[in-house]
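Enquirer: Sharing a structure with you now.
The values are calculated or read from the model by the stated rules, or taken from the named source; none is laboratory data. Predicted model only: the values in this text are computed from it and were never measured. As a convention, Cβ positions derive from the backbone with ideal geometry for all residues, glycine included, and neighbour counts pool all protein chains shown. Surface accessibility is based on the protein's heavy atoms, side chains included, excluding ligands, DNA and RNA. Shrake-Rupley method; radii C 1.70, N 1.55, O 1.52, S 1.80 Å.
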Amino acid sequence: INAEYGSPRPAMDPGTVHTEREDLMAPSSRRTRPLAHLPSMPVPCRLALLFLILAVPSTASRRRSSAVCSASDAAALTAIYDATNGSEWKDNSGWAAASTDCCGWHGVTCSSGSVTSLSLAKNSLAGTIPSDIARITDLKSLYLEHNTLSGSIPTELSSLVKLDNMYFSKNSLSGSIPSELSSMAKLHTMYLDHNSLSGSVPWELSSLAKLHTMGLNENALSGSIPSELRSLAKLHSLYLYRNSITGSVPSELSSLGDLHTMVLDRNSLSGSVPSELSSLAKLQSIYLHRNLLSGSIPSELSSLVELEYLHMYRSSLSGSIPPELSSLAKLVSMLLYRNALFGTVPSEFSALNKLTDMRLQTQSLSGTIPSELSSLVQLNYLSLHKNSLSGTIPNELPSLSSLVNLFLYENSLSGTIPASTSSLGNLQAVYLRVNRVSGTLPDGVMAMPNLTQLALAENLLSGTLPQTAPTKIFLLSLHANQLSGTVPAALSNATDLEHLLLSDNLLSGTLQEEWQNTSMDLMSFASNRISGTLPRFQDLTTLEVVDVSGNRISGTIGPTCMANSSSDINFSRNRLSGTLPQLSLIHI
C-alpha cells in the first residue's frame, strides 16, 4: 500500500526456510565422540549410557524427518514452478534440483513436513497462478506480489481454509475477485492491489470474520461499496482507492468499530459524507478526495478524536468549514482544497497543535487570515491561495518556526510583508503574487538559509532590491511591482538562480556585463528604465529565454550574442544595432 496512506505492510523475509538442514550437515562432536571419551564412571554405567544414546533418536534425526515435505505438497509446488516460468525466476534455488525435500526450496517454509508458507515476492514469476496451490492444504501465508502474473485468481484457492495472509499485489491479474474467497475463514490480510481486476467488490467477503486488512486499490473495480462489509468487525484497514467505484459512501461502515484507516479516494463516489462515520472511534485516517461528493463536511466528524489525516480535497464539497474540527487534537494533515467551501478560515484551528499540513486553497473563502494560526508551531505547509481573503498578513505569522511552504497568492491581501519573515529559517517557498501587498522587501530575505522560491510578482512593492546575493534561491519573481534603483550586481553571481523575473518595475542603471549563473534558464528585465549595453548572454549556456524589451539599452547585437541557438530573445524597443543572430525566436 502506498506509503502516502500511512499503513506500510509488515516486513517479511521471503527466503526464510525452517528446515535446519545446516544443523544436520555440520560436524557434531557429540555424535562422533568415541566411548573412551565419555566421563570417567564404572563400566556398567558407561554401557547403560551408551545404550540410551543409541536407543533415543537424536534431535538432528527428528528434525530431518519433520523437514521432508509431503509428496502432494512437492507436486503442487512443482506445478507452480512450471506454470510461472520457474527456470527464469530470480531465485529458484532447490526448485530445479532432483531433491524431493521441497522444504529446502527457496521461499518455502515447512512445519512438521507440511508447507505452511510460500514466499516468492519480487522473484520474476510470469504466467498464471495455478489452481494446484489449493492442494497445499496447510498453507498459511502466500506471498506472490511484485511479479508479472496474469490471468484470473483461481476459485480453487477458497479451499485454503488455513490461509492467514494472501499477497498478490503489483501483478497483472485480471477478471473478477472470486466470491468463493469468502470461505477462507482464517484470512487476516488480503492484498490484491495494483492489478487489473474488474467487476464489483463481492459482498460475500463480509463473511471473513477475522479480516484485518483489505487491499483492493488500484484496479478496475466498479459497482458500489457493499453495505454488508459492516460485519467485518475486526477490519483495521480498508483500501479501495483508484478504482471506478460508484454510489455513496455507505453509512453502514460506521459499524466497523476497529477501523483505523479508510482509503476511498480517486473513485466516482457521490452523495454526502455520512455523519455516522463519527462513530468510528479508532479511525486515524480518512481519505475521500477526488470523488464526486456533495454537501457539507459533517461537524460530527469532530468526535473522531484519534484522527490524524483528513483528506477530502477535490470532491465538490460545499458549505463552510466546521470550526468544531478544532477538537481533532491529533490531526496532522487537513487537506480540503479545491472544493466549493466558503466562509472564513476558523480561528479555532489554532488549537490543532499537531497540525503540520493545512491546505484550503482554490475555494471561495473570505475574511482575514486569523492571527491565532501563529500558535501552530508544528505547521510546515500553509496553503490558502486562490481564495478571496483580505486584510493584512498577520505580523504574528513569523512565529510559525517550522513553516516550509507559504502559499497566499491570488487573494486580496494588503499591507506589508512582516519584517521578521526573514527569521523563518526553515522556509523554502513564499508565494504572495497577485495581491495588493505594499512596502519594501524585508531585510535579509535574500539570505534566508533555505529559501529557494520567492514569488512576489504583481503587487505594490516599492523601494530597492537587496544588494546581497540570494543564498539558495532558484526562482526570484518580482515583476509588475514598483521597485526602483539598480539591478544588484550580486544577482550575477547567484549560482543557483534559474528564473529571474524583474520586468515591469522602475529599475534603472546598467546591467552587469558578465553573469556567472550557470543554471540560468529565464531572465526578464522588460519594461524598466535600464540603459547601457547588453550583457554577455553568450556566457550563459543554459539560458533559453531572455527579455530586455522596453528599456534604453544601446550598442550592437553580435551574431553570437547567445550561446544557445534555440533560445528565445526579445530585444525590442531599445536602441540597438548590428547583426541578427540565428535563433529560434527573435523580437527586435
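Enquirer: I'd like to check one number: the per residue accessible area of region 155-198, probe 1.4 Å, reported in Å² as a whole number. Show your work: numbers first, answer last.
Expert: Details: 1450 Å² over 44 residues.
Per residue, region 155-198 has an accessible area of 33 Å².
Enquirer: I've got another one for you. Once label points are set 7 Å from the Cα along Cα→Cβ at both residue 72 and residue 468, what is their separation, rounded to one decimal in nm?
Expert: Each label point is offset 7 Å from its Cα along the Cβ direction, giving 7.8 nm.
Enquirer: How large are Rg and Dmax for region 436-581 when calculated on the C-alpha trace, in angstrom?
Expert: Gyration radius and largest Cα-Cα distance of region 436-581: 14.6, 43 Å.
Enquirer: Separate question: Calculate the FRET efficiency for residue 100 and residue 270 from the Cβ-Cβ distance with a Förster distance of 60 Å, rounded to the nearest 0.05. Can you show the working numbers first?
Expert: Numbers: r = 57 Å, r/R0 = 0.95.
Calculated transfer efficiency: 0.55.
Enquirer: Which percentage, to the nearest 5, of the DSSP beta bridges contained in the chain is antiparallel?
Expert: Working: 4 of 99 bridges.
Around 5 percent of the beta bridges assigned by DSSP in the chain are antiparallel ones.
Enquirer: Please list, in order along region 254-271, the HN-Hα scalar couplings obtained from phi with the Karplus expression 6.51 cos²θ - 1.76 cosθ + 1.60 (θ = phi - 60°), rounded to whole Hz, x for Gly and Pro.
Expert: 5, 7, 7, x, 9, 5, 9, 9, 10, 10, 10, 6, 6, 10, 10, 5, 10, x
Enquirer: Something else: Subtracting the Cα-Cα distance from 0.36 nm times the residue separation, let me have the gained length for residue 112 to residue 302 in nm, one decimal.
Expert: The residue 112-residue 302 span can extend by a further 63.2 nm.
Enquirer: Would you mind computing Rg(Cα) / (2.2 N^0.38 Å) for region 141-233, counting N as its residues? Before the final figure, lay out the partial values.
Expert: Values: Rg = 12.1 Å, N = 93, 2.2 N^0.38 = 12.3 Å.
It is 0.98.
Enquirer: So how far apart, in nm, are the two label points at residue 531 and residue 161 if each is 7 Å from Cα heading toward Cβ?
Expert: For the pair residue 531/residue 161, the computed spacing is 9.7 nm.
Enquirer: Right, something else. Could you quote the convex hull projected area for the chain, Cα atoms only and averaged over all directions, in nm²? List each step's numbers first, then the result.
Expert: On the way: hull surface 153.8 nm².
If I average the Cα hull's projected area over directions, I get 38.4 nm².
Enquirer: Across bins of 10 angstrom width beginning at 0, how are the C-alpha pair distances of region 276-422 distributed, in whole percent?
Expert: Values per bin, smallest distances first: 12, 43, 35, 9, 1.
Enquirer: With every protein chain present, what is the per residue accessible area of region 404-542 (1.4 Å probe, Å²)? Walk me through the intermediate numbers first.
Expert: Working: 5240 Å² over 139 residues.
Computed with neighbouring chains in place, this is 38 Å² per residue.
Enquirer: Would you pull out the residues with amide H under 5 Å of residue 320's amide H, same chain only if 5 or more places away, H placed 1.01 Å from N?
Expert: Amide H neighbours of residue 320: 342.
Enquirer: Is the shape of region 214-256 rounded, prolate or oblate, going by the alpha carbon gyration tensor and its root eigenvalues a ≥ b ≥ c, with a/c under 1.5 for rounded and a/b larger than b/c for prolate? Each step should come with its number before you reach the end.
Expert: Numbers: a/c = 2.62, a/b = 1.40, b/c = 1.87.
It comes out oblate by the Cα gyration axes.
Enquirer: Here's another thing I want to ask about it. Taking 51 Å as R0, compute the FRET efficiency from the Cβ-Cβ separation of residue 420 and residue 258 and round it to 0.05. If you can, show how the numbers build up before the last one.
Expert: Values: r = 47 Å, r/R0 = 0.93.
The computed FRET efficiency comes out at 0.60.
Enquirer: Which value in nm describes the separation of the simple spin-label points at residue 198 and residue 324, placed 7 Å from the Cα toward the beta carbon?
Expert: Result: 4.3 nm between the two label points.
Enquirer: Next question. What whole number of Å gives the distance from the Cα centroid of region 362-428 to the Cα centroid of region 454-491?
Expert: That distance is 20 Å.
Enquirer: Let me ask you something else. Tell me, what % of the accessible area of the chain is carbon and sulfur with a 1.4 angstrom probe? Kindly include the intermediate steps, with their values, before the conclusion.
Expert: Working: 12070 of 24440 Å².
Carbon and sulfur together cover 49 percent of it.
Enquirer: Suppose we keep just the alpha-carbon trace of region 228-296; what are its Rg and Dmax in angstrom?
Expert: Radius of gyration, then largest Cα-Cα span, for region 228-296: 11.2, 30 Å.
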